[in-house]
Amino acid sequence: MVIEQVGKRRRPRAIASVSVWDALGLVLAQEVKTDREYPPFDRSTRDGYAVLSNEVSPGSQLKCAGEIKAGDTVRESLAAGTCWQIMTGAAVPAGADAVMMIEHTAREGDLVRFERAPQRGQNIVPRGSEAAAGQTILKPGMRLGYAELALAAQVGAVQLQCGQRPHVAILSTGDEIVLIDETPGPFQIRNSNSVSLAAQVRIAGGDPVVLGNVADRIEDLGEKIERGLKEDALVLSGGVSMGKYDLVETALKAMGAEFFFDGVAIRPGKPAVFGVCQGKPVFGLPGNPVSTMVTFELFVAPAIDLLSGVEARALPLVEARLAEALNEKSGLTHFLPARIQWPERAPEVKPLKWQGSGDIATLAKANCFLVVPADREKIAAGESVSVLLRKDVV
Ligand code: AMP
Ligand code: MG
């Protein structure tokens, strides 16, 4: 639903030139080509001796003609009956077709004795075998992770044309909410949701625009929503349940929003709403902090991918063995804070005791959510269950 609706409204991103140091997580908007062959020379992958393979057999000896370090200019070629001592990353001299690891040799003065027979090409990465000169190695639409950035750096592409991150407005609602640097009254609480949402927006590849908190009054909501709709998407927290002061949906409707769902069969997060208002995707997430976090991952993160100009990434779901029996009320798909571990390589997940969707302290101990399907009341220890990983800590 979100993917379909947001997908329909995708528009090309503004492009900017970004330094390779600052481009992590951005979507590339250009081709990057190699400036030369890679590797640019036949590269030794070991410390050892460069040899002609058919001159070496177990117990044979060759005279060492000299030494080649990484970075050395290699002019001489291998003469018959000789070898060169060579270091990892150094250029293999012409005429050599294998590098014998130093561990399999013995040295006495100028003479090197070999314990084994080499295979042709052993421990050498041939020139041009990773990439040809002028070859396209990065394409528009690719997301730049650390390997992609290293590849750009390797070929000297220090400035990259990238799509701008989508700007995601974050608006929290509630009469009881105060700024995080204020001392709350006895029945007030600090605006932690704006902080978690801003972090989640960043991880999802967006740029958060934090609009603060608005009281539960239609007029105030309308004004702030108007401001939020100037960005590429708007995420609200709180005010979407059934209470008398849950006015987010009403305020959005008054501004022309069309809703595609107003409630989902999950816990936490049941009251979440999604709509489009004045052409912009709008998410009304429930205010309970863990509900806000879960519904963001399920609905908002994929939308940020689409708004970034890439396909929505799959949710980070894995299968794990349940460590202890579970007994949950059925009817809704549950997302329980849990810890996944890999004790004997096979993943094992254990739910954590918690106080429900307001319990940030337990979530801070969790590294995943255990997903309990709506039709499963009891799950025995040892059964296989689905786990939604917390991308920021696992
Ligand atoms: P609501 O969805 O507005 O009914 O709020 C549900 C619960 O989440 C209430 O206990 C709120 O106090 C709490 N809550 C709402 N907004 C925030 C926020 N921005 N930061 C932390 N907790 C909040
Ligand atoms: Mg509220």
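The values are calculated or read from the model by the stated rules, or taken from the named source; none is laboratory data. The model shown is predicted, which means the values in this text are computed figures rather than measured ones. Here the Cβ is made from the backbone with ideal geometry for all residues, glycine too, and neighbour counts use every protein chain on show. Calculation scope for accessible area: heavy atoms of the full protein, side chains included, ligands and nucleic acids excluded. Shrake-Rupley method; radii C 1.70, N 1.55, O 1.52, S 1.80 Å.
Structure notes:
- Within the range 177-266: Cβ-based charge dipole about Cα centre, in debye rounded to nearest 20 (Lys, Arg +1; Asp, Glu -1): 160
- For the listed residue pairs Lys244/Lys329; Lys139/Lys280; Lys33/Lys230; Lys139/Lys270, the alpha carbons are over 31 angstrom apart in Lys33/Lys230; Lys139/Lys270.
- Here the range 256-312 exposes an accessible surface that is 50 percent carbon and sulfur, computed with a 1.4 Å probe and the other protein chains kept in place.
- Kirkwood Rh, Cα atoms: Rg over Rh of the range 1-83: 1.35
- Furthest towards positive pole of dipole, Ala169, Gly128, Leu149, structure part the range 91-218, Cβ charges: Gly128
- Separation between Cα centres of the range 254-278 and the range 73-109, rounded to whole Å: 68
- Taking θ as phi - 60° and the Karplus parameters 6.51, -1.76 and 1.60, the scalar couplings of the range 201-215 work out to 4, 4, 4, 6, x, x, 10, x, 10, 7, 9, x, 10, 10, 5 Hz in sequence order, x denoting glycine and proline.
- At the listed q of 0.15 Å⁻¹, the Debye profile of the range 67-132, built from one uniform point per Cα, gives log10 I(q)/I(0) equal to -0.50.
- From most to least packed by mean Cβ count within 10 Å, the peptides 123-129, 260-266 give 123-129, 260-266.
- Residue-level accessible surface for Tyr49, protein heavy atoms, 1.4 Å, Å²: 10
- Accessible surface of the range 1-117 [probe 1.4 Å, protein heavy atoms]: carbon and sulfur percent: 50
- Paramagnetic reach from Arg376 (point 7 Å along Cα→Cβ, amide N under 17 Å) across the range 288-308: none
- Taking a point 7 Å from the Cα of His167 along the Cα-to-Cβ direction, the residues of the range 1-41 with backbone N closer than 13 Å to it are 14.
- When Rg and Dmax are taken over the Cα atoms of the chain, they come to 29.6, 92 Å.
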